[in-house]
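*Asks:* Please find one structure pasted underneath; my questions will follow.
The values are calculated or read from the model by the stated rules, or taken from the named source; none is laboratory data. Just so it is clear, the model here is predicted, and its values are computed rather than measured. For neighbour counting, all protein chains shown are included, and Cβ atoms are generated from backbone atoms with ideal geometry for every residue, glycine included.
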Amino acid sequence: MSSDLWDWAVRAYAGEGVAEACLNLQDDHGQCVPLLLWAAWRGEASQADEAAQIARDWQAVILPLRDARRRLKTEISAGDEAERLALRAQVKVAELQAEKVLLTRLAALSDRKSMLNQDVAASLRAATAAWGGPIPEDALTRLVEALTKGDFLRYT
């Protein structure tokens, strides 16, 4: 079950427009991408508060890794490119592993067998509200549209 969510999240995130919509929600609205992906995958609004708490706990690990990865993108000292970029690659692996652990913990919250006819937008609204308040509806709509366009919301 947990690898189902991870595999789905990796495929969906690579879909056209999905990463951009997720990063907009993260960077411009303070949202948690793994929580958003879980909410879309889950397709229904229950357990959003519990999921948000798990995500908050894991953000204490993920955020410092993300900050380090982003900082390592640019020169720190003259001539550091080879070492810096090698370290950045290692930090990225650790960041992705931490996100995978978070998604594993989120997947364990529920049994997702078939979520046909579920309201993904409502699930995303519940997750964003549990995370830290409402966000502009158009930002959520962009994510739902990208997931729909990529056919990532078809549940079986």
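*Asks:* What pairs can you find where one residue is in the stretch 117-134 and within 11 Å of Leu153 (Cα to Cα) and in contact (Cβ under 8 Å) with a residue 24 or more places away in the chain, the other is of a type in the set (S, T, N, Q) and surrounded by fewer than 21 Cβ atoms within 10 Å (Cβ to Cβ), and their Cβ atoms are less than 9 Å apart, with a gap of 6+ or different chains?
*Replies:* Val120/Thr148
*Asks:* With (1) modelled with pLDDT under 95; (2) under 22 Å from Trp41 (Cβ atoms) as the list, and Thr128 as the residue in question, which single condition is left unmet?
*Replies:* The number of the failed condition is (1).
*Asks:* Which residues, taken from the stretch 132-142, are in contact with an Asp or Glu (Cβ under 9 Å, 6 or more places away or on another chain) and at pLDDT 95 or above?
*Replies:* Listed by number, the residues that qualify are Ala139, Arg142.
*Asks:* Do you know which residues across the stretch 1-27 are more than 13 Å from the chain's Cα centre (by Cα) and modelled with pLDDT of 95 or more?
*Replies:* Gly15, Glu16, Gly17
*Asks:* Go over the candidates Leu96, Leu109, Leu65 one by one and state the one that is outside any helix (DSSP H, G or I) and either surrounded by 13 or more Cβ atoms within 10 Å (Cβ to Cβ) or touching a residue at least 24 places away in the same chain (Cβ under 8 Å) (or both).
*Replies:* Going through Leu96, Leu109, Leu65 in turn, the sole match is Leu109.
*Asks:* Any idea how many residues of the stretch 1-45 are among the charged types (D, E, K, R), surrounded by fewer than 18 Cβ atoms within 10 Å (Cβ to Cβ) and assigned to a helix (DSSP H, G or I)?
*Replies:* So the count comes out to 6.
*Asks:* Here's a follow-up. Of all residues in the stretch 122-153, how many are more than 16 Å from Ala14 (Cβ to Cβ) and either aliphatic (A, V, I, L, M) or crowded, with 20+ Cβ neighbours inside 10 Å (or both)?
*Replies:* Of the residues in the stretch 122-153, 13 are more than 16 Å from Ala14 (Cβ to Cβ) and either aliphatic (A, V, I, L, M) or crowded, with 20+ Cβ neighbours inside 10 Å (or both).
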